Amino acid sequence: MSKSKAVVLVSGGMDSCVTTAIAAQEYELVFLHLNYGQRTEKRELQAFNDIADHYGVTQKLVVDVQFLKEIGGSSLTDRRIEVSKADLETIEIPTSYVPFRNGNILSIAASWAEVIGATKIFVGAVEEDSSGYPDCRHTFFAAFQQAVNLGTKPDTTIEIITPLIHLTKAEIIKEGLRLKAPLEKTWSCYQSEDLACGVCDSCALRLQGFQLAGLEDPIEYKVRPRYTRV
């Protein structure tokens, strides 16, 4: 009996990789990736393709949405804005937030899913252990689910799945290792494409997760600060 299709949003980062490993247990995977003029666009695309190769995914869609760079408002797309150094205690949204990025990619994913007959959209969003991005909250995805329900054909059923939404980075890492996800193929750094910087918000959250899990991150860093809380 053939598996039903699931669109997996794969940035190339650790969270989307673990989400892929979860989806692979039950579904035929198809991968969606955005190029939006981010600083590490080429390196993220390489990670996306490496993860696809690992899971044998051949149905891939890479969408060029350079309008997000033209809109700006983020240090990931506007080099005039400095990438914030990690501050894991602040409640301020960092400069790396790309305005409504998840809304854009979910809209594309829903369109593609409806055309190819996919019944699920898997998203590796994390609420509790993320940077406080407003489009990574459970309430956002619940609201977007209603938009998908109302905005697709009556016989279309597409469910948005966020399996990591309430996990910490340490829990995500442990789940990834349990499922043998290729974490060594992933890329999380916001500002470097050769060696991960170790000091941007994304590197810090990743390193802290590995440190709290008592494990060594398999990728290389320019520096590896200690981010575990005393």
Name the residues in segment 167-190 that are assigned to a loop (DSSP other than H, G, I, E, B) and closer than 25 Å to Ser84 by Cβ, would you? Leu167, Thr168, Thr186, Trp187, Ser188, Cys189, Tyr190
Glu193 - would you say it is touching a residue at least 12 places away in the same chain (Cβ under 8 Å), among the acidic types (Asp, Glu) and part of a loop (DSSP other than H, G, I, E, B)? yes
With respect to Glu216, determine if the residue is at pLDDT 95 or above, outside any loop (DSSP other than H, G, I, E, B) and surrounded by fewer than 14 Cβ atoms within 10 Å (Cβ to Cβ). no
Pairs, first closer than 14 Å to Lys3 by Cα in segment 107-122, second basic (Lys, Arg), C-beta under 8 Å, six or more apart: Ile116/Lys5; Gly117/Lys5; Ala118/Lys5; Thr119/Lys5; Lys120/Lys5
Inspect segment 183-195 for any residue being surrounded by fewer than 18 Cβ atoms within 10 Å (Cβ to Cβ) and of a type in the set (Val, Ile, Thr) and give the result as yes or no. no
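Residue-wise test of (1) of a type in the set (Lys, Arg); (2) within 25 Å of Lys69 (Cα to Cα); (3) out of contact with any strand residue (DSSP E or B) (no Cβ under 9 Å at 6 or more places or on another chain).
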| residue | (1), (2), (3) |
| --- | --- |
| Thr90 | no, no, yes |
| Val98 | no, yes, yes |
| Asn102 | no, yes, no |
| Ile108 | no, yes, no |
| Phe122 | no, yes, no |
| Glu128 | no, no, yes |
| Pro134 | no, yes, yes |
| His138 | no, no, yes |
Among the numbered conditions (1) within 25 Å of Val223 (Cβ to Cβ); (2) surrounded by 20 or more Cβ atoms within 10 Å (Cβ to Cβ), tell me where Leu34 comes up short. (1)
Among Lys174, Lys169, the single one that is out of contact with any Ser or Thr (no Cβ under 6 Å at 6 or more places or on another chain), closer than 21 Å to Thr95 by Cα and crowded, with 16+ Cβ neighbours inside 10 Å is Lys169
Taking segment 98-130 and keeping residues among the aliphatic types (A, V, I, L, M) and surrounded by fewer than 20 Cβ atoms within 10 Å (Cβ to Cβ) leaves Ile108, Val115, Ile116
Taking segment 42-97 and keeping residues surrounded by 17 or more Cβ atoms within 10 Å (Cβ to Cβ) and among the aromatic types (Phe, Trp, Tyr) leaves Phe48, Tyr55, Tyr97
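The values are calculated or read from the model by the stated rules, or taken from the named source; none is laboratory data. Small disclaimer: the values here were computed from a predicted structure and weren't measured. For neighbour counting, all protein chains shown are included, and Cβ atoms are generated from backbone atoms with ideal geometry for every residue, glycine included.
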